[in-house]
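Single-structure report; data block below.
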Amino acid sequence: MRSFISVHLSEIQNPQSAISSAAGSPLWQVVFISFGVILILFEVLRGWRLGLMRQVMRLIAIGAAYGAAFFGGVWLVPAVRPFFKMPDPILSILCGAILAVAAYVLVSGVGAILFKRTSQQESGLLYLIYGFAGSILGLFFGLFLLWLTIASVRTVGALAEGQAGARSGVVAHPAQDPTSRALDVRRRFLSQSEDGMRTLATSLARLKNSLELGLLGSVLKNTDPISQRTYATLEKAGSVLSNPERTQKFLTFPGARELAEHPKIVALRSDPEIADLIAQGRFLDLFQNPRVIEVANDPVLAQRIRKFDVQRALDYALEEDSLTVKPLKR
């Protein structure tokens, strides 16, 4: 326990050690590759057992789940809004996820009822055809699940890498205005679990960097349909959000300043109830707060957010020449 605490104290005193601890590890890469091989082999064997037609139904089920999540979530929001007091964007995500699971289970269940497993085939030729074809589709499912895992690790890891590099430089300052008050509340919330958050962020960043080492990393970067720009933006966002000074500078960027000074946003930042919910980590209650719902469902604010140039604002917040706020021309 003492050694664990001493490691974190050394990271706080020496930010460079915290950053270097997130560097990629060949051992972690080998472990992840082993996990990927086991996952693919499991899906291949599962495909052999399920057979061709049940695997085809699984493929259809994935398509149905994606369609239900993409289209059904938005359509279902008006129906569930009276029963669940949450912002429409969150309701859309939750409804889409529930519909996706329901669609996948339904289509897969129909396939299980209508079609036999490989072992249930009476003909030896059909047994081989069902088994081999099911294994080939199992290979596809294994690769698909592995890609989802890799994309998730790289996405979360990019955000965590920015946090791991910025959190060690966080310094508390007294709050003097509504913006500073909101930043101070967020800072106090983060400081309550600082060690755990730092450890988790460093581990996620290290796992991401381990995947991107060497030849495997080059292959992943060249074949990943998610652009490198997206990962870079997530890393910048993590770095900005983990540093109060950078966050405050981000809020002075043209567009962000207008959003931050919108009367409804100012009312939220100045509301002590909202600040307490954030400080206590009661995010479910926060999303159910009527004022938060009103702001999240405001179409004018939503339009402004869509037009906001996040990339330029992040670059401005990360400028190292000075943390002094300077007005920008539009």
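Results, tabulated for the structure shown:
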quantity	calculated
Residue order for 77, 110 - accessible surface, 1.4 angstrom probe, largest first	110, 77
Efficiency of FRET from Cβ geometry, residue 45 and residue 285, R₀ 51 Å, rounded to 0.05	0.65
Sites residue 228 and residue 258, calculated FRET efficiency, Cβ-Cβ separation with R0 41 Å, nearest 0.05	0.85
Extended-chain gain in nm, criterion 0.36 nm per residue less alpha-carbon gap, residue 319 and residue 273	13.2 nm
Within segment 282-323, chymotrypsin sites (Phe, Trp or Tyr not before Pro) in DSSP loop having at most 12 other beta-carbon neighbours inside 10 Å	none
Stretch gain in nm, segment residue 213-residue 38, where the contour uses 0.36 nm per residue and the Cα spacing is subtracted	60.9 nm
Per residue accessible area in Å² of segment 67-109, where ligands, DNA and RNA are left out and the probe is 1.4 Å	61 Å²
Added length on full extension, which subtracts the Cα-Cα distance from 0.36 nm per residue, residue 79 to residue 266	64.2 nm
Label-point separation in nm, residue 220 to residue 303, each point 7 Å along Cα→Cβ	4.2 nm
Where segment 202-330 is the region considered: accessible area per residue in Å², 1.4 Å probe	57 Å²
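The values are calculated or read from the model by the stated rules, or taken from the named source; none is laboratory data. These numbers were taken from a predicted model, which means no experiment stands behind them. Positions of Cβ are generated from backbone atoms using ideal geometry, with glycine treated the same way; all protein chains shown enter the neighbour counts. Keep in mind that these areas ignore ligands, DNA and RNA; they rest on the heavy atoms of the full protein, side chains included. Shrake-Rupley method; radii C 1.70, N 1.55, O 1.52, S 1.80 Å.
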